[in-house]
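Participant: I have a structure here, written as structure tokens, and I will follow up with some questions on it.
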Amino acid sequence: MGYQGRQLVIPPQRDLNDRETLVSEHEYKRKTCQSAAVFNVVNSIIGSGIIDFSLVLLIKGGALSGTDTYQSLVNKTFGFPGYLLLSVLQFLYPFIAMISYNIIAGDTLSKVFQRIPGVDPENLFVGRHFIIMISTITFTLPLSLYRDIAKLGKISLISAVLTALILGIVITRMVSMGPYVPKTDDAWVFAKPNAIQAVGVMSFAFICHHNSFLVYSSLEEPTVAKWSRIIHISIVVSMFICILFATCGYLTFTGFTQGDLFENYCRSDNLVTFGRFCYGVTVLLTYPMECFVTREVIANVFFGGNLSSVFHVVITVVIITIAMFVSLLIDCLGIVLELNGVLCAAPLIFIIPSACYLKLSEEPRTHSDKIISCVMLPTGAVVMVFGFVMAIINPQDCTHGQEMFYCFPDNFSLTNISDSHFQLTTQLSTLNISIFR
């Protein structure tokens, strides 16, 4: 039997239930509107995915099993071993995402504060380590202490607006800076032998499965049909933004493109400095969404889904503190995104939702949902295994904290390679004067 025309509602479940811990009694009675849910999903997708079918499949699995959390769905489908495996993955993915957001905030905001007139770039208080610590204490920790994810709806809207501003800056610099940045010889090669590594990074970016049930439960009268509409809107908006970011960024820097796009821009660029500020604020606004999930996993595994006010605060502080210290030790974003994508995001996106649906659904084998699920499951396995092997054999280069060579017109060690490079860097010198200031 198909789902078309049916309004499936996931019934509440007492065990492994996140409503009691994440949605207050008062807020639960007047759930968030669909627009707030859209902003929460878009914020989760842009900050950290785009997998339309898989998201809908996940909620369908919940409807078939009568569960309303990712953990309870897997527990009902595959028992405690499956539940434990999912809990580990569902904790690691957002936790590593929190680390990556700290790295981004430290990298981008430190360059913003170093541009303040009279500030010494070597000053400890504008360094990435201090920025990570102070932003954690004053910004991400207070936001992460909320118990109700619905309260992040307006924050997600702010994040979406800032993302639009950042996109405008990236497009502007593609037009004004792109022609002056030398293109690599293999700039237009469609794919290389290690292309599967990119799938790992995209898997990291293209996921919000770990908090889908949380957003779903915040809807008024949640149904599969309503969730599908929200997902389709969110996916279209997010896909459009992600494609623009990727295209404009690569057209500007081609083979020199870094894991963190803002590492490619010159520090003297005032417009990009504003973009860095917006970007840093955006990732800090996305951070609490990931912390909600890590805390929920711990609450479900060790506390039966319920956290007292004291444990709520203690666990939140411990999670955020550990993430902060790890991010202080790691400064290369690319490898973090890559490994998190292949080891955590791939099974959460491709393997587990498909496996749950295939085991629960009584649809015929020729049903479209089952056919796609049969394709997604082995795809996830291939990405996970080969992506990890390639990440170890062929790690990404990282130029964290280094000014790119095209920002130094007098760097003769690079510009004397050829006349064309000399001309390009001379043009960049003019660009620095006429555009960046």
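The values are calculated or read from the model by the stated rules, or taken from the named source; none is laboratory data. Everything numeric here is computed off the predicted structure, so don't read it as measured data. Note that we place each Cβ from the backbone using ideal geometry, even for glycine, and neighbour counts take in every protein chain shown. Note: accessible area is taken over every heavy atom of the protein model, side chains too, but ligands, DNA and RNA are not part of it. Shrake-Rupley method; radii C 1.70, N 1.55, O 1.52, S 1.80 Å.
Participant: So which residues in segment 165-187 are surrounded by fewer than 17 Cβ atoms within 10 Å (Cβ to Cβ), within 10 Å of Phe253 (Cα to Cα) and out of contact with any Cys (no Cβ under 9 Å at 6 or more places or on another chain), if there are any at all?
Facilitator: Hits for segment 165-187 are Pro179, Lys183, Thr184, Ala187.
Participant: When you scan segment 91-119, how many residues do you find that are in contact with a Lys or Arg (Cβ under 9 Å, 6 or more places away or on another chain), of a type outside the set (S, T, N, Q), more than 18 Å from Leu285 (Cβ to Cβ) and open to solvent by less than 30 Å² (accessible area, probe 1.4 Å)?
Facilitator: Of the residues in segment 91-119, 1 are in contact with a Lys or Arg (Cβ under 9 Å, 6 or more places away or on another chain), of a type outside the set (S, T, N, Q), more than 18 Å from Leu285 (Cβ to Cβ) and open to solvent by less than 30 Å² (accessible area, probe 1.4 Å).
Participant: Another question, then. For Ser373, only one of the following conditions fails: (1) of a type in the set (S, T, N, Q); (2) surrounded by 19 or more Cβ atoms within 10 Å (Cβ to Cβ); (3) at pLDDT below 85. What is its number?
Facilitator: If we test Ser373 against (1) of a type in the set (S, T, N, Q); (2) surrounded by 19 or more Cβ atoms within 10 Å (Cβ to Cβ); (3) at pLDDT below 85, just (3) comes out false.
Participant: OK, next. Within segment 346-378, track down each residue that is among the small types (Gly, Ala, Ser) and within 20 Å of Gly62 (Cβ to Cβ).
Facilitator: Ser354, Ala355, Ser361, Ser368, Ser373
Participant: What tally of residues in segment 263-281 results from selecting those that are open to solvent by 10 Å² or more (accessible area, probe 1.4 Å) and out of contact with any Cys (no Cβ under 8 Å at 6 or more places or on another chain)?
Facilitator: Matching residues across segment 263-281 total 8.
Participant: Further question: Just to be sure before I move on: is Asp260 out of contact with any strand residue (DSSP E or B) (no Cβ under 6 Å at 6 or more places or on another chain) and more than 24 Å from Ile134 (Cβ to Cβ) in the structure I sent?
Facilitator: Considered against the rule, which asks whether it is out of contact with any strand residue (DSSP E or B) (no Cβ under 6 Å at 6 or more places or on another chain) and more than 24 Å from Ile134 (Cβ to Cβ), Asp260 comes out as no.
Participant: Scan segment 120-164 for residues that are among the acidic types (Asp, Glu) and exposed (fewer than 15 other Cβ atoms within 10 Å of the Cβ) and report the count.
Facilitator: Residues that pass the stated criteria total 2.
Participant: Provide a single number: the residues in segment 205-215 that are under 14 Å from Leu348 (Cα atoms) and modelled with pLDDT of 70 or more. Outline the logic, then answer.
Facilitator: Pass one, segment 205-215, residues under 14 Å from Leu348 (Cα atoms): 205-213.
Filter once more, so that each one left must be modelled with pLDDT of 70 or more: 207-209, 212-213.
The total comes to 5.
Participant: Restricting attention to segment 235-252, does a residue exist that is touching a helix residue (DSSP H, G or I) at 6+ places or on another chain (Cβ under 8 Å), more than 30 Å from Leu343 (Cβ to Cβ) and open to solvent by less than 50 Å² (accessible area, probe 1.4 Å)?
Facilitator: Yes: segment 235-252 contains one or more residues that are touching a helix residue (DSSP H, G or I) at 6+ places or on another chain (Cβ under 8 Å), more than 30 Å from Leu343 (Cβ to Cβ) and open to solvent by less than 50 Å² (accessible area, probe 1.4 Å).
Participant: Right, next: Return a yes/no flag: does segment 377-393 have any residue that is β-branched (Val, Ile, Thr), modelled with pLDDT under 80 and farther than 21 Å from Val293 by Cβ.
Facilitator: So far as segment 377-393 goes, no, none of its residues is β-branched (Val, Ile, Thr), modelled with pLDDT under 80 and farther than 21 Å from Val293 by Cβ.
Participant: What is the residue count in segment 188-200 for residues that are under 15 Å from Val382 (Cα atoms) and either small (Gly, Ala, Ser) or open to solvent by less than 60 Å² (accessible area, probe 1.4 Å) (or both)?
Facilitator: So the answer is 7.
Participant: Identify, by number, the condition in (1) under 28 Å from Ile352 (Cβ atoms); (2) assigned to a helix (DSSP H, G or I); (3) of a type in the set (A, V, I, L, M, F, W, C) that Ile207 doesn't meet.
Facilitator: (2)
Participant: Against the conditions (1) assigned to a helix (DSSP H, G or I); (2) more than 19 Å from Ile315 (Cβ to Cβ), where does Ile116 fall short? Just the number, please.
Facilitator: All conditions pass for Ile116, except number (1).
Residue by residue, here is whether (1) open to solvent by 10 Å² or more (accessible area, probe 1.4 Å); (2) under 16 Å from the mean Cα position of the chain (by Cα); (3) not polar (S, T, N, Q) holds:
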| position | (1), (2), (3) |
| --- | --- |
| Leu285 | yes, yes, yes |
| Arg295 | no, no, yes |
| Ile320 | no, no, yes |
| Asp331 | yes, no, yes |
| Val342 | no, yes, yes |
| Pro353 | no, no, yes |
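Participant: Inside segment 304-315, can you point out the residues that are surrounded by fewer than 21 Cβ atoms within 10 Å (Cβ to Cβ) and either of a type in the set (Gly, Ala, Ser) or at pLDDT 90 or above (or both)? Even if it seems obvious, please write down each step before you answer.
Facilitator: Filtering segment 304-315 for residues surrounded by fewer than 21 Cβ atoms within 10 Å (Cβ to Cβ) gives 304, 306, 308-315.
Those that are surrounded by fewer than 21 Cβ atoms within 10 Å (Cβ to Cβ) and either of a type in the set (Gly, Ala, Ser) or at pLDDT 90 or above (or both): Gly304, Ser308, Ser309, Val310, Phe311, His312, Val313, Val314, Ile315.
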